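Here, each number is a calculation from the coordinates, and none is a lab measurement. As the structure is a computational prediction, the values presented were derived from the model and not from experiment. So basically every Cβ, Gly included, is an ideal-geometry build from the backbone, and we count neighbours across all protein chains shown.
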Amino acid sequence: MYGFKSQKELAFGQISITSCLCFLAFCFLTNVAMAKSSYQFSIDASASKINYEHFGKGDDYSVSVSAYLTPVLLDGSVPYEVAPFFKRVARLTIKTDKQNNSDLRVIVNGNILSDSDFGKTQIEIHLADKAISYWLSANYTHNAESNFKFRSGVKAYGNNFNSFQLKPGWFLADNFSIYGLYNNEKQEATQKDQFAYGLGFMGLYDVDQLGFVGYEFNYKKSKVAIPAIAVVNGTPRNIGIVNYVRDEWIAKLSYFPNVKTEFGVAFTYFDSEASSSDGILTHLKANYFITNNFKLGLNYSKRRVNNFFYSPTATAGLGYDSYSIDLSYRF
């Protein structure tokens with residue numbers, strides 16, 4: 001459900017993001033000559049520019065910190081980017097994300113949305129050990145209040161919603177694992193649980209002198225309940241609940257010519273019969289470890305949606321092109 005806020009703008013995440021970026025740069029400049037063959041902590045930062053299909057643009061910034069239970073050894077047996085997973089090292093990760101959008105011109109139940117912003121915080125625990133073949137990841141995401149500004153001058157906000165994801169996995173071989181997926185999300189606007197479940201597999205193949213090939217495939221089915229919004233006398237109001245089922249297929253392929261370099265491509269296809277919405281997301285990435293401690297990543301994503309579908313953040317149902325740069329410091 002939507003409500004009104006004062007004109008005061010939220011500055012969620014901006015100070016922490018700036019501070020972490022400065023710290024990341026400082027650590028790199030002062031420790032670049034102290035490359036190690038292992039690490040136990042990492043700081044990651046990302047900045048993205050988004051151009052929505054037809055109209056609108058956005059910026060997305062994120063920062064995450066990770067701590068590993070035991071040192072991640074960089075011995076050259078697997079690529080650096082996937083070493084924590086295939087070496088089965090347990091970790092704790094905390095991530096914060098902030099997105100701002102403008103010039104959207106999205107029609108939401110009779111009113112034109114022009115600007116929006118939202119933030120989220122994630123906590124993820126990955127449990128694994130070299131001595132056993134089973135692993136488990138648990139992720140909790142808190143999606144902070146979304147703020148909306150309409151061309152009519154109306155300002156509104158969306159309620160918080162939280163999600164919990166559980167991913168149990170099993171290594172059938174040293175570099176091959178299958179896994180299951182369960183996700184539960186509850187929005188304060190609906191007070192109803194929304195479920196998703198799926199299966200997948202991922203692996204890494206050593207092609208000797210040619211490097212490594214990584215691959216992943218998964219399928220997920222979601223049962224979603226979303227609020228139906230109508231504008232009554234200039235005020236967005238919740239008028240009921242719409243339920244639909246959504247199918248999603250994801251395929252990923254990466255090539256590592258050496259342990260420090262990765263070129264990857266991923267395709268996500270989604271389909272929802274109830275909302276007559278389907279589309280595809282294509283993602284390209286390139287990662288390079290300048291030193292054993294410092295990684296630079298470049299990403300490009302292109303998403304096309306055949307029919308707009310409503311989402312709690314209003315922009316998740318739009319097509320877009322995005323460009324991003326990632327920095328990672330590990331110590």
Gain on full stretching of the segment that runs from Leu127 to Lys223 - 0.36 nm per residue minus C-alpha separation: 31.8 nm
For Phe148, Phe86, order by how many other beta-carbon atoms lie within 10 Å, fewest first: Phe86, Phe148
Residue order, fewest to most surrounding Cβ atoms within 10 angstrom, among Ile132, Ile178: Ile132, Ile178
